[in-house]
């Protein structure tokens, strides 16, 4: 709480109150350890796999875009548990239609880190 009083073009601070921190935890300080490995096989034909590792439960989003920046599909959007996981994409868009051969951008984030990779679909 701060109270100021204007005094002839200046100011006078009448009182200042600071609130104290009652509790802090190490969880507030330690950043999440989230790792995304290279997708394989790249280039791919039927399916590409994306290994990820998390040191705790967290919200993860994985999306595919074309090089024009147009959204193709969600690979993952939800909470994952601690440990190693493998996401996969079958070369289909969000309407379950095959996308053409080409280069795509894979975007994965966990609210603390952002990761991108170019992936190539060859049919």
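The values are calculated or read from the model by the stated rules, or taken from the named source; none is laboratory data. These numbers were taken from a predicted model, which means no experiment stands behind them. Every residue, glycine as well, gets a Cβ built from its backbone with ideal geometry; the counts of neighbours run over all protein chains shown.
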Q. Among the residues of segment 114-123, which ones are exposed (fewer than 14 other Cβ atoms within 10 Å of the Cβ) and touching a residue at least 12 places away in the same chain (Cβ under 8 Å)?
A. 118, 122, 123
Q. Mind checking which residues of segment 59-73 are surrounded by fewer than 16 Cβ atoms within 10 Å (Cβ to Cβ) and within 13 Å of the chain's Cα centre (by Cα)?
A. 59, 61
Q | strands (runs of 3 or more DSSP E) wholly inside segment 30-110 containing at least 1 residues that are at pLDDT 95 or above and closer than 20 Å to residue 123 by Cα | A | 48-54, 58-66, 71-80, 83-89, 102-109
Q. Residue 81 is checked against (1) in contact with a strand residue (DSSP E or B) (Cβ under 7 Å, 6 or more places away or on another chain); (2) surrounded by fewer than 14 Cβ atoms within 10 Å (Cβ to Cβ) and fails just one. What number does that condition carry?
A. (1)
Q: Scan (1) more than 19 Å from the chain's Cα centre (by Cα); (2) at positive phi for the single condition residue 83 breaks and write down its number.
A: (1)
